[in-house]
Amino acid sequence: MAAARKWWDSDAEAYWQAHGEFLGTADFIWCPEGLNEATAGLLGPVAGADVLEIGCGTAPCSRWLAGQGARVTGLDLSLGMLSIARELGTSTTQVALVQADAGRLPFADDAFDIACSAYGALPFIGDLAGVFNEVARVLRPGGAWVFSLTHPIRWCFLDDGSERGLVAQNSYWDERAYVELDEDGEVGYAEHHHTMGAIVRSLSEAGFVIVDLIEPTWPSHHDQSWGGWSPLRGRILPGTAIFSCVRPGVGGE
C-alpha cells in the first residue's frame, strides 16, 4: 500500500494531464475502450442511492453519479489524486472524498446500496479477497458491486499497443506481481495479476453472486491508444473485464 500511495501521489498531476480529457471531469468511463455508464447502465438506477466509488482517483465517475442524484462517497488511497478531485469539484455535484485503504473501508456495515470501481485500486491490490469481503460488509443486502480491471488474459502479453503486443510472452497462471524498483531499490510501482478463476472464487467466497461479465469490444470510431490498449489490439484481444455482482438479500434473494 505504501508503494501505491507514493506512486499515485507523485503521478497524480501527470496522470490527469495525460488522461483528463478522455475521462472528463464529470463522466463515468469504465475502461480504455470508452464504455460509459450513461450508455451501459451497469449500475441500474442511482438516483437517491448511497454509492461508494473505490479508487475514485480524480473522481469524474463520482461527480457523474452525484449529477444523477446519487449520494456519493469517493474513496482513494492517494491524497494527490483526491487533491485534484477536490479542485475539480463543484457545488452542484457534491461528493464526499475519503482517503483510505480499499482493504480497510472506514464505513459501517450495510452503509451503501451500490459500490463501484472503474480501474480503481483493484489492479494494485494483491489481496482481492480482503477487498471483496470489505465491500460485502458495507453493502446492504441486495446491493450491487460492479468493477472493471485489466482483463486477465492481457497478462500473457507485453504492455505494448503495437504488433509486438500480440505475441504471448508470459504464463497466464503466473500470478506474481509486476514490480518496478526505484533508485533506492525499493518497490516504486506494483501491479497485480489474478486469473479469472481466482477473481470468481474470491467473489464467491465473499458471498457475491455474479450477474454478468462484460468484455467490452473496441469501437470502430475509437482511435485513441492508452498504453497497451490500442485499436490494433482491441480488435483482437479483450482488454477489460467488468464484473457485475450483487450481495444477495435476506434468504439469498
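The values are calculated or read from the model by the stated rules, or taken from the named source; none is laboratory data. Bear in mind the structure is a predicted one, so any value in this text is a computation, not a measurement. Note: ideal-geometry Cβ built from the backbone for every residue, glycine included; neighbour counts use all protein chains shown. Ligands, DNA and RNA are stripped out before the accessible areas are found, and what is left, the full protein with its side chains, is counted by its heavy atoms. Shrake-Rupley method; radii C 1.70, N 1.55, O 1.52, S 1.80 Å.
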Rounded, prolate or oblate (a/c below 1.5 giving rounded, otherwise prolate when a/b exceeds b/c) for region 1-136 by Cα gyration tensor: rounded
Accessible area in square angstrom per residue, the chain, 1.4 angstrom probe: 47 Å²
Highest average packing first - 105-116, 236-247, Cβ atoms within 10 Å: 236-247, 105-116
Accessible heavy-atom area order of Leu149, Leu88, highest first, probe of 1.4 Å: Leu88, Leu149
Cα-based Rg and Dmax for region 127-198, where Dmax is the largest Cα-Cα distance (Å): 16.0, 47
Total charge dipole magnitude, the chain, about the Cα centre, Cβ charges on Lys, Arg, Asp, Glu only, Debye to nearest 20: 580 debye
Kyte-Doolittle at least -1.0, axis length at least 15 Å by Cα - qualifying DSSP helices, the chain: 2-23, 128-138
Fluctuation leader among Ala102, Ala129, Ala14 - the chain, Gaussian network, Cα springs under 10 angstrom: Ala14
Cα gyration tensor category, rounded, prolate or oblate, for the chain with a/c compared to 1.5: rounded
Chymotrypsin sites (Phe, Trp or Tyr not before Pro) within region 128-212, DSSP loop, no more than 15 other Cβ atoms inside 10 Å: Tyr172, Trp173
At most 11 other Cβ within 10 Å, DSSP loop - GluC sites (Glu not before Pro), region 109-208: Glu183, Glu186
Carbon + sulfur, % of accessible area of the chain - ligands and nucleic acids excluded, 1.4 Å: 52 percent
Cα gyration tensor, region 52-101 - rounded (a/c under 1.5), prolate or oblate: oblate
Extension gain (nm, one decimal) between Glu175 and Arg104, 0.36 nm per residue minus Cα-Cα: 23.3 nm
Summed residue charge, Cβ within 12 Å of Val179's Cβ, Lys/Arg positive, Asp/Glu negative: -3
